[in-house]
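Undergrad: The structure that follows is given in the form of structure tokens.
The values are calculated or read from the model by the stated rules, or taken from the named source; none is laboratory data. Note that this is a predicted model, so its numbers are computed, not measured. For neighbour counting, all protein chains shown are included, and Cβ atoms are generated from backbone atoms with ideal geometry for every residue, glycine included. Quick note on the areas: whole protein, heavy atoms, side chains included, nothing else; ligands and nucleic acids left out. Shrake-Rupley method; radii C 1.70, N 1.55, O 1.52, S 1.80 Å.
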Amino acid sequence: MTGADPGLFGPGSVTWQTHGDPMMWIAGIRALYLQALHPRAVRGVMQNSDFRRDAWGRLMRTANFVGTTTYGTTEAAERAGARVRKIHSMLTATDPDTGERYGVDEPGLLLWVHCAEIDSYLDVLRRSGFRLTDAEADRYIAEHRESARLVGLDPGTVPGDRAGLAAYFEKVRPELAAGPEAREVDDFLLRPPTHPLLVPLREVLWRRVAQLAYASLPPYAHELYGRPAPAPATVTRQLRLTGLLLRRVPARVRWQLPPKHILRAMARLGPDARPAPYKLGRQPAILGEQGEGRANSYRG
């Protein structure tokens with residue numbers, strides 16, 4: 001619809017077309033596994049929330065933030081970012097070994113959380129069969145300098161392509177370890193608390209999802225956790241099969257789940273704003289100049 005606000009990214013972005021994919025949920029779990037390997041970052045989570053009691057709420061809040069910043073209006077996205085920055089500014093954590101007290105909004109910690117998320121989203125989507133060229137993958141990473149800005153990072157300090165992201169992980173690896181907090185996250189993701197009647201379902205369904213998310217981690221993460229994983233080629237085949245099955249569920253059915261970000265975006269911008277992988281590589285007629293211009297400004 002002419003004049004409608006396309007939001008921070010807009011229908012012409014890689015982000016718009018990818019974030020409606022159902023494999024994003026498995027990617028989100030992979031991100032939790034990866035984020036937990038930074039002792040200072042995961043300590044900030046564990047010391048400021050009852051992770052085991054509210055892990056589902058935390059996962060849903062993260063999903064809602066991603067949905068709002070991807071498909072919401074510019075105003076809604078900015079409000080969501082301001083809310084996250086305010087919460088982070090009030091939280092601190094303590095290193096049990098040194099007694100050091102630090103803010104959870106340290107740029108280095110925010111950057112780790114951001115890069116772990118973006119790497120997980122991109123890795124799981126591509127390996128599960130979502131077709132992205134290398135150039136589109138670079139564009140996706142560059143677009144998310146905008147989401148990094150929302151949580152308080154200077155976009156200029158955030159990797160803007162695959163090479164930059166790989167260099168970042170190589171640099172940060174000496175800081176990573178599977179400490180007690182990471183073990184707690186690992187234990188929760190494999191055996192989340194549930195009603196006794198649902199334990200069989202957890203063992204049959206959820207454990208497979210968590211194991212697949214874990215298996216998709218990079219080799220150095222498996223080494224730190226100390227648990228084996230199948231060969232990468234085997235994991236990629238499993239991801240492709242899972243993606244094939246999940247994508248058979250009609251998008252309109254999946255998008256009916258609350259909070260319906262995509263359906264609201266289509267109501268705001270018109271039906272042509274519907275996310276679809278085939279739209280990558282061409283310029284949709286509905287592309288708003290605001291969304292495209294903002295994406296261009298952060299491409300590395």
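Undergrad: Divide by every residue of the chain the summed helix terms, -39500 (n - 2.57) for each DSSP H run of at least 4, and state the resulting mean residue ellipticity at 222 nm, rounded to the nearest 500 deg cm²/dmol.
TA: That comes out to -17500 deg cm²/dmol.
Undergrad: How would you order 106-114, 15-23 from highest to lowest mean count of nearby Cβ atoms within 10 Å?
TA: 15-23, 106-114
Undergrad: Please give the length that would be gained between residue 188 and residue 47 if that part of the chain were fully extended, namely 0.36 nm times their separation in residues minus their C-alpha to C-alpha distance (nm, one decimal).
TA: Going from the current span to full extension adds 49.2 nm.
Undergrad: Identify the residues of region 248-277 with backbone N under 14 Å of a label point that sits 7 angstrom from the Cα of residue 4 along the Cα-to-Cβ direction, or state none.
TA: So the set is 261-275.
Undergrad: So what is the accessible area of the chain per residue, in Å², with the probe set to 1.4 Å?
TA: 48 Å²
Undergrad: Going highest first, how would you order 93-99, 70-76 by mean Cβ packing within 10 Å?
TA: 70-76, 93-99
Undergrad: With the full set of protein chains in place, find how many percent of the accessible area of region 29-183 is carbon and sulfur; take the probe as 1.4 Å.
TA: Looking at region 29-183 in its full context, I get 53 percent from C and S.
Undergrad: Tell me the label-point distance for the pair residue 90, residue 209, using the 7 Å Cα-to-Cβ offset, in nm and rounded to one decimal.
TA: The two pseudo-label positions are separated by 3.1 nm.
Undergrad: If each residue of separation counts as 0.36 nm, what is the full-extension length gain between residue 175 and residue 100 once their alpha-carbon separation is subtracted? If you can, show how the numbers build up before the last one.
TA: Values: separation 75, 0.36 × 75 = 27.00 nm, distance 1.63 nm.
Answer, rounded to one decimal: 25.4 nm.
Undergrad: Got a number for the accessible area of residue 205? Probe 1.4 Å, square angstrom, nearest 10.
TA: Surface open to solvent at residue 205 totals about 100 Å².
Undergrad: Sort the following peptides by mean Cβ neighbour count (other Cβ atoms within 10 Å, averaged over residues), highest first: 62-69, 129-136.
TA: 62-69, 129-136
Undergrad: Here's something else I'd like to know. Name the long-range amide H neighbours of residue 178: under 5 Å, sequence gap of 5 or more, or other chain; modelled H, no Pro or chain starts.
TA: So residue 178 has HN proximity to no qualifying residue.
Undergrad: Let me ask another. Quote the Stokes-Einstein diffusion coefficient, in whole µm² s⁻¹, for region 26-115, based on the Kirkwood radius over alpha carbon pairs, a temperature of 4 °C and a viscosity of 1.567 mPa s.
TA: D, rounded to a whole number, is 92 µm²/s.
Undergrad: Still on this structure, please answer the following. Between residue 166 and residue 79, with labels modelled 7 Å along Cα→Cβ, what's the label distance in nm to one decimal, could you check?
TA: My value for the distance between the label points is 4.2 nm.
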